[in-house]
Amino acid sequence: KKYVYLFNEGDANMRELLGGKGANLAEMSKLGMPVPNGFTITTEACNKYYEDGEVINDDIKAQIMEFLATLEEETGKKFGDANNPLLVSVRSGARASMPGMMDTILNLGINDTVAEAMAAKGNPRFVYDSYRRFIQMFSDVVKGLSKKRFEEIIDELKAEKGIKNDLDLDAEDMKELVKRFKAFYKEQLNEEFPTEPAEQMMDSIEAVFKSWNNERAIYYRRQNDIPSDWGTAVNVQMMVFGNMGDNCGTGVAFTRSPSTGENKLFGEFLMNAQGEDVVAGVRTPNTIDQLKEIAPAAFDQFVDICSKLEKHYKNMQDMEFTIENGKLYMLQTRNGKRTAQAALKVACDMVDEGLVTPEEAVMMVEPQQLDALLHPNFDPEALKKAEPITSALPASPGAASGQIVFSAEEAIEEAAKGKKVILVRLETSPEDIQGMAAAQGILTVRGGMTSHAAVVARGMGACCVSGAGDIAMNEEAGEFTLNGKTYKSGDWISLDGSTGNVYGEAIPTVEAKISGDFERFMNWADEARRLKIRTNADTPRDAAQAVKFGAEGIGLVRTEHMFFDGDKIKAIREMIVAKTPEQMEAALAKLEPMQQEDFEGIYEAMEGRPVTIRYLDPPLHEFVPTKPEDIAELAAEMNMDVEELTAIIDGLHEVNPMMGHRGSRLDVSNPGIAKMQTEAVIRAAINVNKRHPEWNIVPEIMLPLIGDLKELKYVKKMVTDTADQIIADEGVDMDYHVGTMIEVPRAALKAGELAEEAEFFSFGTNDLTQLTFGFSRDDAGKFLPEYYAAKIYENDPFAKLDQEGVGELIEIAAERGRNTRPDIKLGVCGEHGGDPVSIEFVDGLGLDYVSCSPYRVPIARLAAAQAAI
Ligand code: ADP
Ligand code: MG
Ligand code: MG
């Protein structure tokens with residue numbers, strides 16, 4: 001098997017095998033651009049390395065040595081040769097660009113003999129500068145020695161000589177650094193610094209392979225959906241030198257501005273420098289225009305190459321280059337990372353320039369990126385100056401600045417006074433919803449990405465940072481401590497929901513703007529997609545927001561969320577603790593008009609778009625009061641004594657509420673609830689239809705947590721009896737649909753039967769995931785990290801749909817459902833409905849729609865378009 005390729009044997013299409021860097025170096029060589037010669041060791045070699053138990057086998061080693069010989073021939077230089085030595089760089093390069101992976105090693109192949117011979121030809125400063133750099137990089141990357149110590153050694157020497165600027169270190173100084181570096185190396189590792197170039201190279205290649213599985217790389221992969229079996233390639237490339245003198249230099253450039261998208265070459269370079277000097281900030285770099293004066297020929301050639309590369313890749317490029325004695329060399333090109341704003345501008349501009357089609361433009365923007373355009377952001381200048389006090393999970397994006405409050409009530413009160421507040425809680429519960437809505441942002445000590453706070457915050461588009469375990473909470477005293485500092489109620493803090501950073505100060509925010517490019521771009525996406533995008537919305541406000549973001553309907557109204565509002569909670573509590581049928585009826589009679597009003601508001605906001613209303617789902621005990629004063633108040637209202645009420649409340653306790661008395665089970669034991677909700681839905685629709693006959697609303701009623709056909713029939717009958725009666729009484733002609741959630745594995749398996757009664761299915765992937773894996777979404781965050789570490793799971797299945805297991809259940813249910821009822825409508829609600837990877841999967845199954853929180857609607861629209869293209 002071929003494990004090594006020369007640059008001129010590959011091309012850009014071989015990214016999987018050669019990695020992004022290798023494939024693009026090959027492509028640039030093929031296009032005749034000035035790329036130093038080299039070869040690429042494939043990602044398959046990396047995977048083989050792991051298969052073989054972390055050894056580079058003899059076959060691969062032999063191939064590497066063979067290609068090294070070819071490289072020597074091509075360049076006319078020789079490894080370790082005193083007359084004409086070959087020095088190389090060893091560069092990692094996975095399929096996708098991956099920060100956190102191994103750093104590059106430059107100037108490899110140098111040793112005392114080589115250095116002496118090179119120095120004898122003149123320019124010893126350059127030679128020993130290169131040598132000391134090599135020792136630094138090799139020691140850090142291959143041996144894990146502290147980078148900092150090497151910097152200190154340099155600083156010590158500068159102090160001894162009274163020198164400020166690195167450029168003032170002369171050849172002798174560089175030579176001295178080489179000596180001190182080697183001494184440090186020996187002292188730390190008890191071995192001499194390796195002098196044999198081939199050994200230096202193999203060690204470095206192995207270090208690249210190893211870095212594929214370092215902690216930072218694993219974390220980055222998980223955040224970015226990069227499978228661990230991709231592996232990384234390794235590039236070995238002849239060195240060219242930007243540090244030979246003043247007509248040399250190194251730089252980086254973008255073909256367009258990565259922050260605004262402006263169509264103008266954007267870049268920086270440093271004369272007499274090497275490698276990462278530009279980004280590392282050792283000296284202030286020059287802007288790219290200044291290159292014109294210093295090296296005009298190289299500049300013109302570079303401008304020409306930039307424009308060729310952009311046309312060739314049909315995308316904005318991010319390039320690295322070096323100039324050796326006035327001659328330009330290209331060292332890397334890739335599609336440039338850019339802000340969301342820039343991404344949209346580049347996409348639109350490139351369509352206008354005739355460079356790409358609208359469909360190609362749609363593929364150029366990461367769906368996830370749009371998020372940044374939908375929330376307020378920190379003023380970037382102010383953010384740069386701020387120092388985080390802790391960092392936790394970026395649970396819901398956005399930027400929030402406000403004064404600390406510790407309870408939902410306080411949040412509501414203070415917000416009503418016009419204050420900006422941040423709600424800080426150990427964890428949140430459904431009772432906190434209003435407080436959460438009133439706050440600028442939510443910070444929790446416990447809980448993961450799918451904790452209550454996270455899910456609700458994402459739904460509201462509110463900023464949330466969760467799981468800040470470093471915080472020691474003292475709710476009673478109205479304070480928390482963090483790293484020895486105490487933060488009190490009223491103190492200012494800021495949350496960055498996109499990074500999870502928390503700041504101990506106010507940072508000004510700026511409203512996100514939706515520019516013309518954004519709209520134009522989204523129209524192209526809409527033309528391309530097949531999947532419909534609905535939203536999960538529980539209030540008219542959320543619904544209206546979602547419509548602004550392009551939602552085509554509501555896929556999930558969680559009726560219970562409205563119950564926490566004001567007086568409704570009292571009525572629902574009365575319903576829950578009712579002992580007599582009369583009490584029950586009285587409570588339901590109070591609730592019905594309130595619910596009806598909610599639904600009318602939502603129907604109005606949606607202006608005739610389809611709305612799926614799900615009936616009461618959570619276990620009832622979530623609604624009952626816990627505070628003594630609330631219990632006393634409820635008891636008084638119900639003419640009960642407190643002990644009696646307390647006993648009833650205690651009776652609602654469940655060991656495992658998520659698998660307990662909830663969903664349609666509530667309707668089987670309390671038929672009044674389903675009847676009341678049906679009345680509210682049907683009457684609301686009739687009323688709104690009267691006001692807006694052109695909307696022609698057809699209610700969609702969805703029953704949660706169904707697992708059996710007889711159960712579905714039983715509850716559905718309550719719905720249809722009630723609905724048909726009202727429709728007949730009102731003398732109107734209105735259709736309605738009854739469907740079911742598929743969230744119990746049994747329902748997925750029995751979908752063929754359920755479809756006899758259900759007119760639509762909606763996959764509730766949160767519960768379906770929870771019940772398929774058998775682990776609770778509220779607790780899984782505690783042990784999943786160990787599963788990631790052990791490489792059992794790569795992702796949180798509550799965030800990324802488990803396509804193999806849960807996905808198979810969805811596939812089975814869709815197929816069986818369609819066999820029974822070919823025109824059955826199939827949708828997904830739940831967190832996965834807004835996740836691009838999951839959307840692609842669902843599109844592949846041919847489902848009709850996904851439903852996600854309002855702030856994810858544009859992301860879902862784009863993801864659905866990309867899935868279809
Ligand atoms: P990263 O992926 O971190 O950008 P690279 O492999 O691109 O790492 O290397 C970083 C820098 O090292 C390059 O931008 C370039 O300046 C320098 N470099 C790498 N290989 C060579 C080479 N063969 N000759 C000169 N400089 C090189
Ligand atoms: Mg690079
Ligand atoms: Mg559910």
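The values are calculated or read from the model by the stated rules, or taken from the named source; none is laboratory data. Note that the structure is predicted; figures quoted are calculated from it, not measured. All Cβ positions, even for glycine, are placed from backbone atoms using ideal geometry, and neighbour counts span all protein chains on display.
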Q) Exactly one of (1) within 37 Å of the chain's Cα centre (by Cα); (2) outside the structural domain of Gly752 (by TED's automatic domain parsing) is unmet by Leu666. Its number? A) (2)
Q) Yes or no: Ala586 of a type in the set (A, V, I, L, M, F, W, C) and buried (at least 24 other Cβ atoms within 10 Å of the Cβ)? A) no
Q. Tell me, which residue of region 169-215 that is among the hydroxyl-bearing types (Ser, Thr, Tyr) and in contact with a strand residue (DSSP E or B) (Cβ under 8 Å, 6 or more places away or on another chain) is farthest from Phe79 (Cα to Cα)?
A. Ser211
Q: Scan region 739-753 and report the pairs whose first residue is under 24 Å from Val557 (Cα atoms) and whose second residue is of a type in the set (Val, Ile, Thr), with Cβ atoms within less than 6 Å and a gap of 6+ or a chain change.
A: Thr740/Ile706; Pro745/Thr772; Ala747/Ile706; Ala748/Ile742; Ala748/Ile812
(Q) List the strands (runs of 3 or more DSSP E) inside region 433-506, counting only whole elements, that have at least 1 residues being surrounded by fewer than 23 Cβ atoms within 10 Å (Cβ to Cβ). (A) 472-474, 479-482, 485-488, 492-496, 501-503
Q.
The conditions are (1) in a helix (DSSP H, G or I); (2) surrounded by 15 or more Cβ atoms within 10 Å (Cβ to Cβ), and Ala728 fails exactly one of them. Which is it?
A. (2)
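Working carefully through the options Ile226, Ile218, find the one that is part of a loop (DSSP other than H, G, I, E, B), assigned by TED's automatic domain parsing to the domain that holds Met14 and surrounded by 16 or more Cβ atoms within 10 Å (Cβ to Cβ). First the steps, then the outcome.
Working: Ile218 fails: part of a loop (DSSP other than H, G, I, E, B).
The match here is Ile226.
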Q) From the residues in region 639-663 that are over 39 Å from the mean Cα position of the chain (by Cα) and among the hydrophobic types (A, V, I, L, M, F, W, C), which one is surrounded by the most Cβ atoms within 10 Å (Cβ to Cβ)? A) Leu645
Q: For region 238-259, name all the residues that are within 16 Å of ligand 1 (Cβ to nearest atom) and assigned to a loop (DSSP other than H, G, I, E, B).
A: Met239, Val240, Phe241, Gly242, Asn243, Met244, Gly245, Asn247, Cys248, Pro258
**Q.** Residue tally, condition at pLDDT below 95 and under 13 Å from Val668 (Cα atoms), over region 686-736
**A.** 0
Q) Name the residues in region 410-438 that are of a type in the set (Lys, Arg) and closer than 22 Å to Ala537 by Cα, would you? A) none
Q | Leading residue by the ranking (nearest to ligand 3 (Cβ to nearest atom)) among those in region 692-714 that are farther than 18 Å from Ala748 by Cα and without any contact (Cβ under 8 Å) to a residue 60 or more places away in the chain | A | Tyr714
**Q.** Members of region 664-709 found to be crowded, with 23+ Cβ neighbours inside 10 Å and either of a type in the set (S, T, N, Q) or within 16 Å of ligand 2 (Cβ to nearest atom) (or both), listed by number
**A.** Ser664, Gln677, Thr678
Q. Restricted to region 167-215, and to residues that are of a type in the set (Ser, Thr, Tyr) and outside any loop (DSSP other than H, G, I, E, B), which residue is surrounded by the most Cβ atoms within 10 Å (Cβ to Cβ)?
A. Ser204
Q: Go through the residues of region 556-565 one by one and say whether even a single one is within 24 Å of the chain's Cα centre (by Cα) and crowded, with 19+ Cβ neighbours inside 10 Å.
A: yes
Q: Working only within region 40-95, note down all residues that are in contact with a Leu (Cβ under 7 Å, 6 or more places away or on another chain) and of a type in the set (Lys, Arg).
A: Lys77, Lys78
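Rundown of residues vs (1) closer than 25 Å to Leu309 by Cβ; (2) away from ligand 1 (no atom under 16 Å from the Cβ); (3) of a type in the set (Gly, Ala, Ser); (4) not assigned by TED's automatic domain parsing to the domain that holds Asp277, yes/no style:
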{"position": "Glu9", "(1), (2), (3), (4)": "yes, yes, no, yes"}
{"position": "Asn24", "(1), (2), (3), (4)": "yes, no, no, yes"}
{"position": "Gly53", "(1), (2), (3), (4)": "no, yes, yes, yes"}
{"position": "Leu87", "(1), (2), (3), (4)": "no, no, no, yes"}
{"position": "Ala94", "(1), (2), (3), (4)": "yes, no, yes, yes"}
Q | The lone exception for Val502 - which of (1) touching a strand residue (DSSP E or B) at 6+ places or on another chain (Cβ under 8 Å); (2) at pLDDT below 90 it fails | A | (2)
**Q.** Complete set of residues in region 643-671 that are among the aliphatic types (A, V, I, L, M) and without any contact (Cβ under 8 Å) to a residue 12 or more places away in the chain
**A.** Ala647, Val655
Q) In region 364-414, what count of residues is obtained for those that are under 30 Å from Gln866 (Cα atoms), in a helix (DSSP H, G or I) and aliphatic (A, V, I, L, M)? A) 4
(Q) Restricting to region 11-65, count the residues that are surrounded by 22 or more Cβ atoms within 10 Å (Cβ to Cβ) and of a type in the set (Lys, Arg). (A) 2
Q.
I'd like to check something: does region 77-89 contain any residue that is within 16 Å of ligand 2 (Cβ to nearest atom), assigned to a strand (DSSP E or B) and either in contact with a Phe, Trp or Tyr (Cβ under 9 Å, 6 or more places away or on another chain) or in contact (Cβ under 8 Å) with a residue 24 or more places away in the chain (or both)?
A. yes
Q: Check region 339-346 and report whether any residue there is without any contact (Cβ under 8 Å) to a residue 12 or more places away in the chain and either β-branched (Val, Ile, Thr) or more than 16 Å from ligand 2 (Cβ to nearest atom) (or both).
A: no
Q | Whichever residue in region 807-831 is away from ligand 3 (no atom under 16 Å from the Cβ), under 13 Å from Leu754 (Cβ atoms) and among the small types (Gly, Ala, Ser) and, among such residues, is surrounded by the fewest Cβ atoms within 10 Å (Cβ to Cβ) | A | Ala814
Q) Tell me, which residue of region 612-654 that is in contact with a Leu (Cβ under 7 Å, 6 or more places away or on another chain) and in a helix (DSSP H, G or I) is farthest from ligand 3 (Cβ to nearest atom)? A) Ala635
**Q.** In region 115-161, the residues that are crowded, with 18+ Cβ neighbours inside 10 Å, touching a residue at least 60 places away in the same chain (Cβ under 8 Å) and more than 24 Å from Phe209 (Cα to Cα)
**A.** Ala115, Phe126, Asp129, Ser130
